[in-house]
1. Out of region 88-110, which residues are in contact with a helix residue (DSSP H, G or I) (Cβ under 7 Å, 6 or more places away or on another chain) and without any contact (Cβ under 8 Å) to a residue 40 or more places away in the chain?
2. Please verify whether residue 114 is touching a residue at least 24 places away in the same chain (Cβ under 8 Å), within 16 Å of residue 146 (Cβ to Cβ) and buried (at least 17 other Cβ atoms within 10 Å of the Cβ), treating the condition exactly as stated.
3. Under 6 Å between Cβ atoms, at least 6 apart or on separate chains: pull out the pairs that start in region 134-145 with a residue that is in a helix (DSSP H, G or I) and end on any residue that is among the small types (Gly, Ala, Ser).
4. I need every pair where a residue in region 156-173 that is surrounded by 13 or more Cβ atoms within 10 Å (Cβ to Cβ) has its Cβ under 6 Å from the Cβ of a residue that is assigned to a helix (DSSP H, G or I) and not polar (S, T, N, Q), sequence separation at least 6 or different chains.
5. Could you go through region 142-150 and let me know if any residue there is closer than 28 Å to residue 49 by Cα, crowded, with 23+ Cβ neighbours inside 10 Å, modelled with pLDDT of 95 or more and in contact with a Phe, Trp or Tyr (Cβ under 9 Å, 6 or more places away or on another chain).
6. Just checking, which of 123, 151 is in contact with a Lys or Arg (Cβ under 6 Å, 6 or more places away or on another chain), within 19 Å of residue 76 (Cβ to Cβ) and either free of Cβ contacts under 8 Å to residues at least 24 places away in the same chain or part of a strand (DSSP E or B) (or both)?
7. Can you tell me which residues in region 99-120 are acidic (Asp, Glu), in a loop (DSSP other than H, G, I, E, B) and touching a Leu at 6+ places or on another chain (Cβ under 9 Å)?
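The values are calculated or read from the model by the stated rules, or taken from the named source; none is laboratory data. Everything numeric here is computed off the predicted structure, so don't read it as measured data. Please note: Cβ atoms are built from the backbone with ideal geometry, for glycine as well, and neighbour counts cover all protein chains shown.
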Amino acid sequence: MIDEFGALLDQRIRSVPDWPVPGVIFRDIAPLLADPRGIPAVVAAIISELAVRGISDIDLVAGVEARGFVLGAPLAVGLGVGFVPVRKQGKLPGDLHSQSYDLEYGTATLEVQVDAIGAGHRVLLIDDVLATGGTAEAAVSLLRAAGGHVVALTVLLELPVLRGRDRFADLEVISLRLI
């Protein structure tokens, strides 16, 4: 299963050089998502990794806009838990927690609704790629500010050369593929 999963990732994840700015290699997961095997394989791999690591009692999956939504919602279904969107600034109504952060190519702000997470809820955070870690770090801060206990950060791809994992010494990081 792991060899088939790795082959699927190799075949269906495209590297796009110099996008969105020169010097950045964008990892395009759209071909993986378009493959009918893609999302079920990712969900199964994450659930398997959670079991291997003894991570259970998850109350919510939180996904970072937008690819974290695509992977997080079916993962929440697979785990039988709810889903919380971590959105880009200006996309959510109501009272919000906000966190600005630096990207490899600029700055951005993420938001989560103040009442999205109950105090002490165990939250699994998911995004597509862990690069420098700025986006994930902002998301973790937001989830904690909302009262959640982040049990792990899960990503489809990790770029170890950018050392994003270094920001999460206190958190389990699950990467399905290092590139």
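1. 101, 102, 103, listed by residue number.
2. Details: touching a residue at least 24 places away in the same chain (Cβ under 8 Å): yes; within 16 Å of residue 146 (Cβ to Cβ): yes; buried (at least 17 other Cβ atoms within 10 Å of the Cβ): no.
No; evaluated as a whole, the condition is false for this residue.
3. Taking only residues 6 or more apart or on different chains, the pairs are 143/62.
4. Going by the 6 Å Cβ cut-off, the qualifying pairs are 167/137; 173/165.
5. no
6. Numbers: 123 fails: in contact with a Lys or Arg (Cβ under 6 Å, 6 or more places away or on another chain).
Only one candidate passes the filter, namely 151.
7. Scanning region 99-120 gives a single hit, 104.
So that you can scan it fast, the table gives a plain yes or no per residue for (1) modelled with pLDDT under 95; (2) assigned to a strand (DSSP E or B):
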residue: 4; (1), (2): yes, no
residue: 9; (1), (2): no, no
residue: 39; (1), (2): no, no
residue: 49; (1), (2): no, no
residue: 58; (1), (2): no, no
residue: 73; (1), (2): no, no
residue: 76; (1), (2): no, no
residue: 97; (1), (2): yes, yes
